[in-house]
Each structure stands twice: as structure tokens, then as C-alpha cells.
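Read through the structure below, which is laid out as C-alpha cells, and then see the notes.
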Amino acid sequence: MLPVLQWPEDGNNLRNPRQMSLSCLGGAFLFMVEMKNKLLLLFLLFCVACSDMGTNPKEEEIPETVSYKNDIQPLLNSGCVNCHGNQGQLSLATYAKTMKGGKSGKVVIPKNSAGSLLIKKLKGEASGQRMPPKPQSPWADIKIELVTKWINAGAEDN
Ligand code: HEC
């Protein structure tokens, strides 16, 4: 055989367990297991420390294309529809109703989030109460941004 092909066998000597005494091997093994756990713990702590713990979710949470059905309607359902359901005024229960608007007329103007009453109400920039009204807390910026993006992309029934 060529010497170069024998190299892996030479290398084996380094990790050949027979070279170590059994007790030494056991000790080393336990030590390694313990170290491995510690290292794993350290590594996990490191990961947690490096992650932003959800404080900067923009890149992760705002999808490329915002879907009314999958992104917007669920938000409205959980925070708005209990009041804006079927009480005769503004209903946000379906796409068609959301687009129809309320007593002030349309609340969503496609491609114009700044002019959309829905966004102004969410930001507290319109007259009357900020939505959702107190004692509920205002929506997190990320949620408002999601709706903003959907409107500016054309407010489609997607
Ligand atoms: C506790 C009940 C309640 C909840 C929850 C609520 N609203 Fe309202 N909303 C109202 C009331 C009452 C008005 C009318 C008074 C006003 O404009 O301040 C209103 C008005 C509005 C208007 C203006 C409608 C118009 O035609 O003038 C918009 C837009 C709106 N809400 C959006 C929302 C959105 C979006 C949510 C969910 C984040 C929401 N609301 C949650 C009670 C609620």
C-alpha cells in the first residue's frame, strides 16, 4: 500500500481507547459528558444572549406579501370584531365589510395607508378614541405596520 493510504490507521492511534487505562477512560468519559453539558448550557446561554428576544421582530414577522386572509383578518378578529362585528356601524368581520367602511365612509384607501382612517384610528391620529379603546392597550407597532403594508400594497383580498 502507498504510505499515504496508511495515514488514517496512524491517526487511529491517537483515539484508540485501548491506549488508556479503563479507569482513566471512565473518568475522561464522565468529564467529557459533564463538559459537554456545560458547554451545551453555555452555548444555549450564548444563543439567548445573542438573540434579540423578539425585540426586533420586523424582519421575521412582516412577510414579503401580507395576506388579508392569513395576516389581517385574524388580527381584526382578535382585537376589533367584538365591537366592529354586526352592530350596524363599521364592521371589520370580512374583507368586503372592512372595505365598505363605516359612518365616516371608507376606512381603507388602497395604496394610501396615511389617508386610511383604520390606520389613523390604530395610531390615535384621528378624532375620537384610539382603537382599540381603553382599557385595551394600543396595538404594537409591528401589528400596525403589517396593516400599513397590506394597504400600501393595494389592500387586496389575498
Ligand atoms: C370596545 C369596543 C371597540 C373595540 C374593541 C374597537 N373599537 Fe373601533 N370603535 C368603537 C367605537 C365606539 C367607535 C366610534 C367612536 C370613535 O370613533 O371613537 C369606533 C370607531 C372606529 C373607527 C372609525 C369608524 C368610523 O366610521 O368613523 C375605526 C376605523 C375603528 N373603530 C377601528 C377599530 C379597529 C381597527 C379596532 C381593533 C384594533 C377597533 N376599532 C376596536 C369601539 C371599538
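Taking the criterion of being out of contact with any Gly (no Cβ under 6 Å at 6 or more places or on another chain) and either near the ligand (Cβ under 9 Å from one of its atoms) or of a type in the set (A, V, I, L, M, F, W, C) (or both), the residues of segment 88-97 that qualify are LEU92, ALA96. Residue-level check: of (1) more than 15 Å from PRO74 (Cβ to Cβ); (2) in contact with a Cys (Cβ under 7 Å, 6 or more places away or on another chain), ALA153 misses just (2). Looking across segment 75-87, the residues that are surrounded by 12 or more Cβ atoms within 10 Å (Cβ to Cβ) and either more than 9 Å from the ligand (Cβ to nearest atom) or hydroxyl-bearing (Ser, Thr, Tyr) (or both) come down to ASN77, GLY85.
Counting the residues of segment 98-135 that are in a loop (DSSP other than H, G, I, E, B), within 6 Å of the ligand (Cβ to nearest atom) and either touching an Asp or Glu at 6+ places or on another chain (Cβ under 7 Å) or not small (Gly, Ala, Ser) (or both) gives 6.
Where a number appears in this text, it was derived from the coordinates with a stated rule and is not lab data. Please read all numbers here as calculations on a predicted model, not as lab measurements. Quick reminder, even Gly has a Cβ in these numbers, built from the backbone with ideal geometry, and neighbours come from all protein chains shown.
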